[in-house]
1. Of the listed values [x] 1.16; [y] 1.07; [z] 0.98, identify the label whose number matches Cα Rg over 2.2 N^0.38 Å calculated from this model.
2. What angle do you read, to the nearest 10 degrees and between 0 and 90, between the alpha-carbon axis of helix 517-530 and the longest principal axis of the chain?
3. Treating cross-link reach as a plain straight distance, find the lysines whose alpha-carbon is under 18 Å from the alpha-carbon of LYS467, omitting any fewer than eight places away in the same chain.
4. Could you compute the FRET efficiency for ALA692 and GLU104, with r as their C-beta to C-beta distance and R0 at 60 Å, rounded to 0.05?
5. Solvent-accessible area per residue for segment 590-665 at a 1.4 Å probe radius, Å²?
6. For segment 67-76, in order, what is each residue's ³J(HN,Hα) by Karplus, 6.51 cos²θ - 1.76 cosθ + 1.60 with θ = phi - 60°, in whole Hz (x at glycine and Pro)?
7. Please work out the C-alpha center-to-center distance from segment 663-732 to segment 239-284 and express it in whole Å.
8. State in Å² the accessible area per residue of segment 348-492; use a 1.4 Å probe, count heavy atoms of protein chains only, and round to the nearest integer.
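The values are calculated or read from the model by the stated rules, or taken from the named source; none is laboratory data. Quick caveat, the model's predicted, so the values are computed rather than measured. So basically every Cβ, Gly included, is an ideal-geometry build from the backbone, and we count neighbours across all protein chains shown. The protein model used for the area step is the full one, side chains on, heavy atoms only, and it has no ligands, DNA or RNA in it. Shrake-Rupley method; radii C 1.70, N 1.55, O 1.52, S 1.80 Å.
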Amino acid sequence: MLTVARADGPLYRFEVVGLLERGEQLATLVDRYEQAAAGGGRLVVVAGEAGSGKTALVDEFRALHLTDPRRHRVLVGRCDDLFAARPLGPVADIARATGGRLAEAIATGDRTTVFDAFLGELAAPGGPADAPVVVVLEDLQWADEATLDLVRFVARRLDALRALVIATHRDDLAADHPLRRAWGSLVGPHVTRLTLPPLTRAAVATLAADSGVDARSLHDRTAGNPFFVVEILAEEHAGLPATVRDMVLARAAHLGGPARDCLDAAAVLGRHATVDLVVGVGDGDPAAVDECVAAGLVVTDGDMVQFRHDLTRETIEDALTPLRRRQLHRRALDALTDDDDLVQRAHHALASGDRDAIVDLAIRAGDACVAVGAHQQAAALYGGALAHEDALEPAERLRTLQAYAQTCMHLDRTTDAVTAGDRARALLVGAGDPARLAEWETWLGGIYWSADRGDEALVIAAAAVEKLEALGPSPALAKALAELASQHMVMGFFAQAIDEGHRALELAEEFGADDAAPRALNAIGMARVCLGDLDGASALEDGVDRAKRAGMVREACSMSSNLGEANRLAGEPARALEVFADALALAEEHELLYRRNCLLVSRTPSLLLLDRWDDAVADANVLVGQSGIAAHHRGLGLVALGTVRARRGDPGVTEVLDEAFALLDGIGDPQYVHPVRVARAEAAWLAGDVAAARAEIEAIVPLVDRLDVECVQIAARWARRLGVSFPTSEGDVDPRDVADHWLARGCMYEAADVLGDSGDEADLREAHEMLLQLGARPRAQLVARRLRELGVKDVPRGPRPSTRANAAGLTAREVEVASLLAGGLTNTEIADRLVLSAKTVDHHVSSVLSKLGVSSRRDVGRAAVRAGLSLSA
């Protein structure tokens, strides 16, 4: 709720339903309405760019405060974008609605008569004494001179009126626009000017929540323009919305020939370009650029021309014919020199279709992007060059295919990476160089595994080792053995992985192969951990340290993922989160999306252990919200979502776990089959379908020889619970000891789940209480049933669903985030404090702002108090 209060007036409360970051302006309208009611009219001038929400603000004010037509008299008139403005157009609109004296005055065509009649409407009765007349005059940038004179005429007489006049207009007015002259005389205590700023990034994130659209990119494209933001989200990624296109093209249609040529040139040059460059490419002059500025399509800043919104630029560029677009890009390429940005020149080369320029520029620009970690841009440039690969020399074609494959891998575009990698492999086979072929197969084997083609990955990795062994010891053989060891480790062949890893490490040390040793240590350390030797974590730590020293960022992130898992397996999930947080920051900094996704997948089990279910869901949503990523990343993200839903008793469990099963079981790797089978077993058991749960665990039995120790223990526990014969057993364990182990590590659900299988009433009561506290209703119900079977009658039912959440509906994690927001912490500081990724914190902050009904983090503290929350940072 937004509260507006005046010391000498009543208290108004209303909800901000469809508007973000407009609470202050809305409050001002309410306040000026109250002042008009007290005596003495008010004029509020609302300015903002097209699409900033001027009409939406006024409509919201009317919908929330002027709700009774018998009490509130509202007169609305609009100006139109016509070649010639309607004389007194908005007054004519009002006259049609009111009839009477004003309509008669309009018919006479006499200005004085109309002005007097309009004043009469403002003073006319029609409501109670405390309800002033409200007049809305929209889009005055298109008003004729007579309408502007009328506004000035009314403004000078406001002190004798009980009326609120709201006038809206765009703020991108030319210096000589008549409205600027009109406003010059509108000053004084009865006149208020409001400007609607663009939405902040936080507000855009709130609007884009759960849409799958990247909020940062959306804010950059729209510059925070509410209309553009909403239209893009409404179109569900269908491209440029028709409403946006029509609005922009209508404004561009008024430009003269040279001005339109310059506008087209600016659109092709990008959102920012120098005036001289725009004039040169558009074959115009500075006056033509000024005309584009006057139309509100571009702005100038010194010698730079820029579009007000990237969507405006996209609209103008999309409207160009293919021939005209290529012509302008060709002219832009000719106008730029070797001193200009290489990537920009490559962009114009690709768009112009100039094959020679593409060969010369696109590959070099892609290399430059890789050097700074801009893999998205690099992939586009390499891909553009490959579209003209017949113009490339064989060696350059091979190098470009390899670079493109590696870049796609970084972006989690594994299918594209394999396709390009296979084409590069075919060229190397034809070249007849076994050493170079084997070195490429070493890399390609890992990509096949990442693309969920594990059996083929092993074949390729083994083939690389075989070729290099025939050539004798070498650094390349060390790398190939390290890769093969990694393949065997992830596929569950742990003893082979350790053996091959040690061979790789010995060769790496012999030849000083700093790029092979970390990979070998990773395979050795994780294989040992999977076999239950937790001291293997020391090899992982050594590998991470070496990778960082060698500048091997991708490998450092990969090994950190395993190191985090090793910490979790050692019973230290909190320490694991610290490892994941550091590695995630590194992966995001270098645009390593595949590694980022690996880290998110690896982190969710630790989050689940620590009962941070909201955070696990946030990570899973990041994975599920991406398209074209590796199947195992999406599948394991769905497993996390399904697990949380099952434990909370939320709907949609079957759907997500069925999709996860289709993805992960189809891959066939035990490391993927196990988690989805266990999740489906847990969900079925919590839902009361014991037979289905038993079938899931029975399906794990054939995989037990290739599972790590933790997976075997989890499956064995479920087998014992469900009465399934299993090759290995947990043995007799004391539930109290196990529960205390988990509680000491902050893992309440794990502790309660263990105690829930106890036959001791005290244990069961404790389990039931913890489960209710977590909101784990299905498991709590099973424990309650067990208590009743023991004859216990006073089993608490827990809070009703309607009272489980606080008044604002914030989760426990969101209350924590709200407390830190109220304490003035930035998102980065919150991420550090809570050991979360920046994206996860962004998600939580957006949710907090949305649930509290505020648009600014500065308002969180007051909103929380109104919602009855107690925050403490």
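1. The listed entry that was calculated here is [x].
2. 80
3. LYS479
4. Here the calculated transfer efficiency is 0.15.
5. I get 29 Å² per residue for segment 590-665.
6. Those phi angles translate into 8, 10, x, 6, 9, 10, 9, 10, 10, 10 Hz.
7. 61
8. That works out to 37 Å² for each residue.
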